[in-house]
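The values are calculated or read from the model by the stated rules, or taken from the named source; none is laboratory data. Computed from a predicted structure; not experimentally measured. Heads up, the Cβs are rebuilt from the backbone with ideal geometry, glycines too, and the neighbour counts pull from every protein chain shown.
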Amino acid sequence: MKKIKICLIGLLFFCCKEHNSNVSQLTQNPNVIIVFTDDQGYGDLGYHGNPILQTPNLDAFAEASLELTNFHVGTTCSPSRAGLLTGRNANRNNTWHTIAGCSILSANEETIAEVFENNQYETAMFGKWHLGDNYPYRPIDRGFQHALYHGGGGIGQTPDYWGNDYFNDTYFRNGKPEKFNGYCTDVWFNHAIEFLEERESREPFFMYLASNAAHSPFNVPDAFAEMYEDAPLSEEQKRFYGMITNIDHNFGRLIEYLKKNKLFENTILIFTTDNGTARGISHLKDKDKVLGYNAGLRGIKASHYDGGHRVPFFISWPDGELLEKKEINELVAHVDLLPTLAKLSGISWTPKNPVDGTNVAGILKGDGQGLDRMLVVDTQRNQWPEKGRNSCVMSTQWRLIDGKELYNTINDPGQMNDLAEEHPDIVTKMNAFYEQWWDSVSQDFAYAQIPVGHQEHNPVRLTIHDMHTDDNLPWNQLLIREGEMDPDGFYSINIIKDGTYQFRLRRYPAESELAINDVAQKTPSTLYTDGAPEGKSLKAIKAIVALDSIIMQTDVNDDQPYAVLEGKLRKGSYKLKSKFISSDAKEFPVYFTTIESIEPN
């Protein structure tokens, strides 16, 4: 494997835990930082035995920290983020999917940022949000005083700024688009460190640093991909591994800053990830060969076997008297972080809603009893949660898959030996727990509605990413260009006041400066980045808006970027449909719909 010189910042800092009483901040609440990476699984660390992947800074941090070896999240992006931020299962709050209107965190949820903000913490987030792009669902509406993030569930997805490709992109700073130089992961960590440098307040801070890497597209700086050019990996995996090594490089920079500025000792620093690996392991069907490494786990991202939701978890707080023990195998999950961090930080918190998580601070400090508990993780990825769909009931020792397969994951972490017939009593007990759990969460099923006409966010831009549909939809900008998908669905909106509303219907977003029937130009690929294909003209001639029984339509002008319709609407909830009709009488959905209240406030 070709080696290049990379910055191993902070490596020596991890050789032992520093504790300097002269700079201890025990007289004040601890700072909190959660580093939450994307699509990086349990085996995507050198520390967990990956023989190829280079993660020296994360490995050293792991060696000096307390590890939860039986830590679980959701099986995909939004469910994990919602669970971490609220302490509640994703099926309770409209985040059981990653697209199609079911990745918007319900407005009545209380987030961890709001809890810390209410306790005089300065709050900030950087990177991936993926819980709603409109008011009141943006990070700045959910307790983060400082927010720098991309749109949708990943850079280059439909709600993201048009043309972003991980390099020199336009992101949203507190809701406003702003151009940034550099690679996306570098940008998130640069501005996280800048936030720490520029803080004037002496209050403690809560930071949520959620990288979009190593999510596809697997675009990576050349130097980090070249590290793996001779590795026994697919070309896509080499880029994926390079993205993780870049994360490691930036994590080292963050650690160096914290230590240099005497912040490390009284900062609760957590490193974890949002689901199982996306490309850490690859099965070559034609050659019956496996490339890469998955720590012996069964399943990858989106699987309800452990490889889909058991992830790395390391926590450090030198001033906090956490256990020196290297590993704890108690069952702990993302929903436990809010109650646990509130307790560790000594802040006041009475939950707004019943939580699924448990305060495990005692476990982390060694003064708590073992947890006799069960939890459920499932993969829904549909329009409405279905009972029994891809379910996994967990205890510290056992996994019940789909209500019928039983595995002892202490003796059989790869989940190869089904013990259901040998332990019918355990199967019965875990199925009974699932029934109780389902009865509870199903009381909360509801779609989030996007408010229209609110003075805090007027106009509102809807993207097809959030259309409720069971059909395949164009959730990224490549699919927008191709123009092949024509899902039938609706947006769940709430007109908040009577008045006149203007609808602007677009094929492309405003920043593209393209007309409705234009063809987006091809952008070339490079060795380690994906380009974009030439677009396809849809030849639209009519535009239609339907709000329940209210229908508006107009002709499309080829030279214009959007079609305009206006109408008077009464306040209330609506199912909105917007569509174009082509010259060959084909109907297809509008990809970007802007709605503006044009009445004076």
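Points worth noting:
- Among the residues making up segment 481-506, those that are assigned to a strand (DSSP E or B) and not hydrophobic (A, V, I, L, M, F, W, C) are Tyr491, Ser492, Asn494, Gly499, Thr500, Tyr501, Gln502, Arg504, Arg506.
- Single unsatisfied condition, Gly368 versus (1) at pLDDT 95 or above; (2) surrounded by fewer than 16 Cβ atoms within 10 Å (Cβ to Cβ): (1)
- Of everything in segment 166-185 that is surrounded by fewer than 19 Cβ atoms within 10 Å (Cβ to Cβ) and charged (D, E, K, R), the residue that is farthest from Glu122 (Cα to Cα) is Lys179.
- Among (1) assigned to a helix (DSSP H, G or I); (2) more than 26 Å from His283 (Cα to Cα); (3) without any contact (Cβ under 8 Å) to a residue 24 or more places away in the chain, the one test that Lys238 misses: (2)
- Candidates Leu58, Leu45, Leu53, Leu66: the one that is of a type outside the set (Asp, Glu) and surrounded by fewer than 24 Cβ atoms within 10 Å (Cβ to Cβ) is Leu66.
- Filter result for Tyr501 (under 30 Å from Asp530 (Cβ atoms), in the same structural domain as Asp548 (by TED's automatic domain parsing) and surrounded by 18 or more Cβ atoms within 10 Å (Cβ to Cβ)): no
- In a residue-by-residue description of segment 307-320, the property of being touching a helix residue (DSSP H, G or I) at 6+ places or on another chain (Cβ under 8 Å), aliphatic (A, V, I, L, M), under 30 Å from Gly388 (Cα atoms) and in a loop (DSSP other than H, G, I, E, B) applies to no position.
- Boolean, Ser345 is in contact with a Pro (Cβ under 9 Å, 6 or more places away or on another chain) and either modelled with pLDDT of 95 or more or not assigned by TED's automatic domain parsing to the domain that holds Leu85 (or both): yes
- Spans of strands (runs of 3 or more DSSP E) in segment 507-589 with at least 3 residues at pLDDT 95 or above, surrounded by 13 or more Cβ atoms within 10 Å (Cβ to Cβ) and not assigned by TED's automatic domain parsing to the domain that holds Pro159: 540-547, 550-555, 563-569, 572-582
Every residue, every condition in (1) of a type in the set (Phe, Trp, Tyr); (2) over 27 Å from Gly280 (Cα atoms); (3) in contact (Cβ under 8 Å) with a residue 40 or more places away in the chain; (4) assigned to a loop (DSSP other than H, G, I, E, B), yes or no:
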{"position": "Ile140", "(1), (2), (3), (4)": "no, yes, no, no"}
{"position": "Ala147", "(1), (2), (3), (4)": "no, yes, no, no"}
{"position": "Tyr161", "(1), (2), (3), (4)": "yes, yes, yes, yes"}
{"position": "His191", "(1), (2), (3), (4)": "no, yes, yes, no"}
{"position": "Arg202", "(1), (2), (3), (4)": "no, yes, no, yes"}
{"position": "Ser216", "(1), (2), (3), (4)": "no, no, yes, yes"}
{"position": "Asp230", "(1), (2), (3), (4)": "no, no, yes, yes"}
